[in-house]
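This report concerns only the one structure given below.
The values are calculated or read from the model by the stated rules, or taken from the named source; none is laboratory data. All of these numbers come straight from a predicted model, not from anything done at the bench. Heads up, the Cβs are rebuilt from the backbone with ideal geometry, glycines too, and the neighbour counts pull from every protein chain shown.
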Amino acid sequence: MRSKEELLRLLSECVEKMEDEEVVTVAEEYIQAGYPAIEGVLNGLTDGMNKAAAMYENEEYFIPELLICSDAMYNGLDVLKPHLEKSETEPKCKVVIGVVEGDTHDIGKNLVKIMLETAGYEIIDLGRDVPVNNFISAVKDEGAKILALSTLMSTAMSNMKRIIELLAEEGLRDDVKVIVGGGPISDEFAKNIGSDGYAKNAVEAVKLVNRLMGNI
């Protein structure tokens, strides 16, 4: 029987190296050996996804590779999740995420979604080209603690400010943290519109949400 450390390394490698079928075999061996599912998720699959994301940031991987890595991660999660303790499967909090109205580009948003799900957050994905009022309704209906807004179009940036203004008008602003990101977005812009933070990529988005929620 292979050791826990060896199987954790293999789980990580399967995700990082896009072994979306092999990961299932390794995950099953890991569970059959009686090792803790939560460690398999955090120290195996998540570790591999973090490494893949770092390679993406260094331009060693591109979008197609990263998406196959995420497929591998989800395949492994399908095996490990049923074996998690109930307290380990409860999400940290709800996150509403979407691309603001005026923009149909959603690859960046999807990467942030994947990384936040991996980190244990419950994601309500509104998609792309989302009307301003839909974000407000989702925050209200879902009781979300985080609202993540994205755009690659400078012409759509003003909708981010409008969303924050509407949250205040509806009396919701104090109950939700708003984070923003996307190509034309900067830290200065994020501060000027009154958001709670800016993330330049998916890895930084998770760090930001963890910090805002006290899950460091």
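Screening GLY98, GLY76, GLY48, GLY40 for residues that are at pLDDT 90 or above, small (Gly, Ala, Ser) and under 30 Å from ASP175 (Cβ atoms) leaves exactly one candidate, GLY98. Taking the listed residues ASN201, ASN159, the one that is of a type outside the set (A, V, I, L, M), in contact (Cβ under 8 Å) with a residue 40 or more places away in the chain and within 22 Å of MET49 (Cα to Cα) is ASN201, with no other qualifying.
From the list ASP106, ASP20, ASP47, the lone residue that is within 17 Å of the chain's Cα centre (by Cα) and farther than 30 Å from ASP141 by Cα is ASP47.
Checked against (1) without any contact (Cβ under 8 Å) to a residue 60 or more places away in the chain; (2) within 18 Å of VAL206 (Cα to Cα); (3) among the hydroxyl-bearing types (Ser, Thr, Tyr), SER12 meets all criteria but (2). Considering every residue within segment 30-37, establish whether at least one is surrounded by 15 or more Cβ atoms within 10 Å (Cβ to Cβ), among the aliphatic types (A, V, I, L, M) and assigned by TED's automatic domain parsing to the domain that holds VAL132. No: segment 30-37 contains no residue that is surrounded by 15 or more Cβ atoms within 10 Å (Cβ to Cβ), among the aliphatic types (A, V, I, L, M) and assigned by TED's automatic domain parsing to the domain that holds VAL132.
Could you tell me whether any residue of segment 156-169 is in a loop (DSSP other than H, G, I, E, B) and out of contact with any Leu (no Cβ under 9 Å at 6 or more places or on another chain)? No - not one qualifying residue is present in segment 156-169. Kindly establish whether VAL26 is within 19 Å of GLU117 (Cα to Cα), β-branched (Val, Ile, Thr) and in contact (Cβ under 8 Å) with a residue 12 or more places away in the chain. Against the criterion (within 19 Å of GLU117 (Cα to Cα), β-branched (Val, Ile, Thr) and in contact (Cβ under 8 Å) with a residue 12 or more places away in the chain), VAL26 does not qualify.
Residues ASN43, ASN50: which one is surrounded by 16 or more Cβ atoms within 10 Å (Cβ to Cβ), in contact (Cβ under 8 Å) with a residue 40 or more places away in the chain, touching a helix residue (DSSP H, G or I) at 6+ places or on another chain (Cβ under 9 Å) and closer than 21 Å to LEU8 by Cβ? Testing whether each residue is surrounded by 16 or more Cβ atoms within 10 Å (Cβ to Cβ), in contact (Cβ under 8 Å) with a residue 40 or more places away in the chain, touching a helix residue (DSSP H, G or I) at 6+ places or on another chain (Cβ under 9 Å) and closer than 21 Å to LEU8 by Cβ leaves just ASN50. Of all the listed residues (VAL132, VAL203), the sole one being of a type in the set (A, V, I, L, M), surrounded by fewer than 20 Cβ atoms within 10 Å (Cβ to Cβ) and either more than 18 Å from the chain's Cα centre (by Cα) or in the same structural domain as LEU42 (by TED's automatic domain parsing) (or both) is VAL132. Selection of segment 176-210 for residues being at pLDDT 95 or above, assigned to a helix (DSSP H, G or I) and of a type outside the set (S, T, N, Q) yields ASP187, GLU188, PHE189, ALA190, LYS191, LEU208, VAL209. For segment 3-24, check the following and say yes or no: at least one residue is modelled with pLDDT under 95 and either crowded, with 21+ Cβ neighbours inside 10 Å or assigned to a helix (DSSP H, G or I) (or both). So far as segment 3-24 goes, no, none of its residues is modelled with pLDDT under 95 and either crowded, with 21+ Cβ neighbours inside 10 Å or assigned to a helix (DSSP H, G or I) (or both).
Taking residues in segment 166-187 that are over 12 Å from VAL139 (Cβ atoms), and partners anywhere that are crowded, with 16+ Cβ neighbours inside 10 Å and among the basic types (Lys, Arg), the pairs with Cβ atoms closer than 9 Å and at least 6 places apart or on different chains are GLY181/LYS109; GLY182/LYS109.
For segment 72-122, the set of residues classified as surrounded by fewer than 16 Cβ atoms within 10 Å (Cβ to Cβ), in a loop (DSSP other than H, G, I, E, B) and hydroxyl-bearing (Ser, Thr, Tyr) consists of THR104 only. Tell me yes or no: at least one residue of segment 56-72 is modelled with pLDDT of 90 or more, of a type in the set (S, T, N, Q), under 22 Å from LEU116 (Cβ atoms) and touching a helix residue (DSSP H, G or I) at 6+ places or on another chain (Cβ under 6 Å). Among the residues of segment 56-72, not one is modelled with pLDDT of 90 or more, of a type in the set (S, T, N, Q), under 22 Å from LEU116 (Cβ atoms) and touching a helix residue (DSSP H, G or I) at 6+ places or on another chain (Cβ under 6 Å), which makes the answer no.
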